[in-house]
Amino acid sequence: MLLKLLHRTKLLPVLGLICLMCFSFSQAKAQYFDIDNGYKSVKLPFKLIRNLVVIKLKINGKGPFNFILDTGVGLMIITEPKLVDSINLQNKRTIKMSGLGEGDAFEAYVTPPLKVEIPGLTSYDVAAAILKTDHFNLSNFVGIPVHGLLGYEFFSNLAVKLNFTDSTVTVYKSRNARIFRKGEKIPISIESHKPYLQAKVKLPNGTEQMCKLVIDLGAGHPVSLENMIKKNGLPQKFVIANLGVGLAGPIYGFLSRIDEIDIGKYKVKSVITSFPNDYDEATLKSMSVQRDGNLGVGILKRFTVIFDYPDNVIYLKPNEYFRTSFEHDMSGIEYYAAGEGFKHLIISRIEPGSAADEVGLEKDDEITAINFKPVADMSLEDIDNLLKSKNDRNLLLEVYHDHKFDRVILTLKRRI
């Protein structure tokens, strides 16, 4: 998921897994974290990498491991199958899972309660699902090893503040949360272990609609609106896109813009938005909670955010990024990091009719340098920013293609 900031981000929470996990553990003890005695709050660093919030933790004394904080999952998910051996699991059972996307069901292990170690916090009865196959390839997307997703358990018992300007997570007892003096308190509902809010969406055709959105830290895009195409059609400018990956495979649809989304008192303009292909009736009925889409980190990172599940609210306060314009990739390249140290940049898809298509770039080509700088010396975040930096900007790419190195000039084109 993600292999381009907006395209390949996990667009949708993995519904099949969440529903199954919540059902499987409905008779189990509550799974949660609490602050260690003597602390009123605990501050943790995180890395925001390609719009994913990555923290470090240990499991059963092993690690540290990199986990993504993801409010869109209802159970801790270990995406790296090799951790089965690393964390010394003695008892586990196998279940079958399915989810959104195109593909068949597959298997995962369900663990007994784990000792999940985060400095200043203690875990209680936190179990996990371990995928037998890494379907998400998050490490290749992020460019560092990623071992899993940490969701509902981290948020359920505490107030969690994310400050995107200094890359810190601060965890409080709900009653001790330091609320913003100037900000907005927005009611949320917690349903099937996920947070939902109401937001007003203004479409380019003039339609205004109140939408129920899941607040999804595991989605890098700004907004996704589901089952809108048949009813409202697509905006005039759009691109066909691989929007992300569910448990059963890729999720396809379109990228375009909406005129505005209103979240509480805040109005966010000209927002790049994902429009998945409309789901069939069977898929809609299988969803544990009916909703209109999700709100991702592309918008959330423009605020300092406090999630307070125990009090059924979130707090938002705009930060320095609030008025930054939304830009999409202008190259037409989807790519992933591969090889030792994730130093090789491999093209996974070229958007037809895009700037990259026009200069002849192809799937499986390797980009080795941009403007004479080796990609091995660049982060994927740096590369993302270059490829959506400015309409008509020229970039010199060195590409390994057909067993030889070529140089091409790529002229970026704003497509939406």
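Do you know which residues across the range 384-416 are part of a loop (DSSP other than H, G, I, E, B) and exposed (fewer than 11 other Cβ atoms within 10 Å of the Cβ)? Break it down into steps so the answer makes sense when it comes.
First, the residues of the range 384-416 that are part of a loop (DSSP other than H, G, I, E, B): 388-393, 402-403, 412-416.
The answer is 392, 402, 403.
Take the residues of the range 217-236 that are closer than 19 Å to residue 287 by Cα and in contact with a Lys or Arg (Cβ under 8 Å, 6 or more places away or on another chain): which is surrounded by the fewest Cβ atoms within 10 Å (Cβ to Cβ)?
Ranking the qualifying residues of the range 217-236, first place goes to 226.
Among (1) more than 23 Å from residue 260 (Cβ to Cβ); (2) modelled with pLDDT of 95 or more; (3) not assigned by TED's automatic domain parsing to the domain that holds residue 39, there is one condition residue 178 misses while meeting the rest; what is its number?
Residue 178 satisfies every listed condition except (2).
Residue 240 versus (1) closer than 22 Å to residue 277 by Cβ; (2) buried (at least 16 other Cβ atoms within 10 Å of the Cβ); (3) of a type outside the set (Asp, Glu): which is the lone unmet condition?
Tallying (1) closer than 22 Å to residue 277 by Cβ; (2) buried (at least 16 other Cβ atoms within 10 Å of the Cβ); (3) of a type outside the set (Asp, Glu), residue 240 fails exactly one: (2).
Under 20 Å from residue 31 (Cβ atoms) and crowded, with 23+ Cβ neighbours inside 10 Å: is that true of residue 68 in this structure?
Details: under 20 Å from residue 31 (Cβ atoms): yes; crowded, with 23+ Cβ neighbours inside 10 Å: yes.
Yes: the conditions hold for residue 68.
Of these, 195, 204, which one is in a strand (DSSP E or B) and either more than 22 Å from the chain's Cα centre (by Cα) or closer than 15 Å to residue 72 by Cβ (or both)?
Values: 204 fails: in a strand (DSSP E or B).
Only one candidate passes the filter, namely 195.
Residue by residue, here is whether (1) modelled with pLDDT of 95 or more; (2) on the phi > 0 side of the Ramachandran plot; (3) within 21 Å of the chain's Cα centre (by Cα); (4) surrounded by fewer than 23 Cβ atoms within 10 Å (Cβ to Cβ) holds:
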| residue | (1), (2), (3), (4) |
| --- | --- |
| 104 | no, no, no, yes |
| 110 | no, no, no, yes |
| 122 | yes, no, no, yes |
| 135 | no, no, yes, yes |
| 146 | yes, no, yes, no |
| 153 | yes, no, yes, no |
| 156 | yes, no, yes, yes |
| 170 | yes, no, yes, yes |
| 189 | yes, no, yes, yes |
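Residues are listed down the side, and each one gets a yes or a no for (1) modelled with pLDDT under 50; (2) buried (at least 16 other Cβ atoms within 10 Å of the Cβ):
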site: 21; (1), (2): yes, yes
site: 34; (1), (2): no, no
site: 48; (1), (2): no, no
site: 56; (1), (2): no, yes
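Here is a check on your reading of the model: is residue 213 of a type outside the set (D, E, K, R), assigned to a strand (DSSP E or B) and either surrounded by 15 or more Cβ atoms within 10 Å (Cβ to Cβ) or at pLDDT 95 or above (or both)?
yes
In the range 303-349, which residues are in contact with a strand residue (DSSP E or B) (Cβ under 8 Å, 6 or more places away or on another chain), assigned to a loop (DSSP other than H, G, I, E, B) and more than 17 Å from residue 214 (Cα to Cα)?
Initial filter on the range 303-349 (in contact with a strand residue (DSSP E or B) (Cβ under 8 Å, 6 or more places away or on another chain)): 303-319, 322, 325-328, 331-338, 343-349.
The next check asks that each one be assigned to a loop (DSSP other than H, G, I, E, B); those that pass are 312, 319, 322, 325-328, 331-332, 343.
Matches in the range 303-349: 319, 322, 325, 326, 327, 328, 331, 332, 343.
Every residue in the range 191-235 that is at positive phi and free of Cβ contacts under 8 Å to residues at least 60 places away in the same chain, please. Can you show your working first?
So the first thing to find is which residues in the range 191-235 are at positive phi, and the list is 192-193, 206, 227, 233.
Answer for the range 191-235, where residues must be at positive phi and free of Cβ contacts under 8 Å to residues at least 60 places away in the same chain: 206, 233.
From the list 325, 379, exactly one residue is touching a Ser or Thr at 6+ places or on another chain (Cβ under 8 Å), closer than 27 Å to residue 167 by Cα and small (Gly, Ala, Ser). Which is it?
Working: 379 fails: touching a Ser or Thr at 6+ places or on another chain (Cβ under 8 Å).
It is 325.
Give the residue that is surrounded by the fewest Cβ atoms within 10 Å (Cβ to Cβ), with candidates limited to residues of the range 350-383 that are farther than 14 Å from residue 400 by Cα, of a type in the set (Gly, Ala, Ser) and in contact with a strand residue (DSSP E or B) (Cβ under 6 Å, 6 or more places away or on another chain).
Ranking the qualifying residues of the range 350-383, first place goes to 355.
Just to be sure I understand the filter: pairs with C-beta atoms under 6 Å, separated by 6 or more residues or on different chains, first member in the range 356-377 and part of a helix (DSSP H, G or I), second member among the basic types (Lys, Arg). Which pairs pass?
Going by the 6 Å Cβ cut-off, the qualifying pairs are 376/343.
Evaluate the following for residue 396: is it of a type in the set (A, V, I, L, M), more than 24 Å from residue 237 (Cβ to Cβ) and modelled with pLDDT under 95?
Numbers: of a type in the set (A, V, I, L, M): yes; more than 24 Å from residue 237 (Cβ to Cβ): yes; modelled with pLDDT under 95: no.
It is false that residue 396 is of a type in the set (A, V, I, L, M), more than 24 Å from residue 237 (Cβ to Cβ) and modelled with pLDDT under 95.
Quick check on this structure: which one of 319, 312 is surrounded by fewer than 19 Cβ atoms within 10 Å (Cβ to Cβ), among the polar types (S, T, N, Q) and over 29 Å from residue 415 (Cα atoms)? Spell out how you get there, then give the answer.
On the way: 319 fails: over 29 Å from residue 415 (Cα atoms).
None of the others qualify; the one that does is 312.
The values are calculated or read from the model by the stated rules, or taken from the named source; none is laboratory data. Computed from a predicted model, the values in this text were never measured in an experiment. Ideal geometry is used to build each Cβ from the backbone, glycine not excepted, and the neighbour counts take in all protein chains shown.
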